[in-house]
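The structure under discussion appears below in the form of structure tokens.
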Amino acid sequence: MDSALIHADVFFFVSTILLTVLVLAFVAAIIYLITLMNEAKAIVRLVRREAENAVADIGALRAKIKESSFLPGILAFLSGLRGGRSKRGKK
């Protein structure tokens, strides 16, 4: 009977260690997932901002094409983009 108690103690000790390791792994996975989601949120914000800039640039291109002929309007727009990107890139 004393042997049965020792086996039960060993079982509960091993079970406790295993459960502790599993909980720690789960917590680490949750922390990693939260970090990953925050990075994805920042990337989505950046993509949204750049998409808005692209829409504004296309709108400016359409306005230039409407007010002047096609080729000079595109060339003026493209030359304006080169100067505008360096300003936009600096924060």
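Bear in mind these aren't lab numbers, they're just calculated from the coordinates by the rules spelled out. A quick note: this is a predicted structure, and the numbers were derived from the prediction, not measured. Using ideal geometry, Cβ is built from the backbone for each residue, glycine included, and neighbour counts are taken over all protein chains shown.
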Along segment 53-68, Karplus-curve 3J(HN,Hα) (6.51, -1.76, 1.60; θ = phi - 60°) to the nearest Hz, with x for Gly and Pro, reads 5, 5, 5, 5, 5, 5, x, 5, 4, 4, 5, 5, 5, 5, 7, 9
Counting Lys and Arg as +1 and Asp and Glu as -1 over every other residue whose Cβ sits under 11 Å from the Cβ of G59, the net charge comes to +1
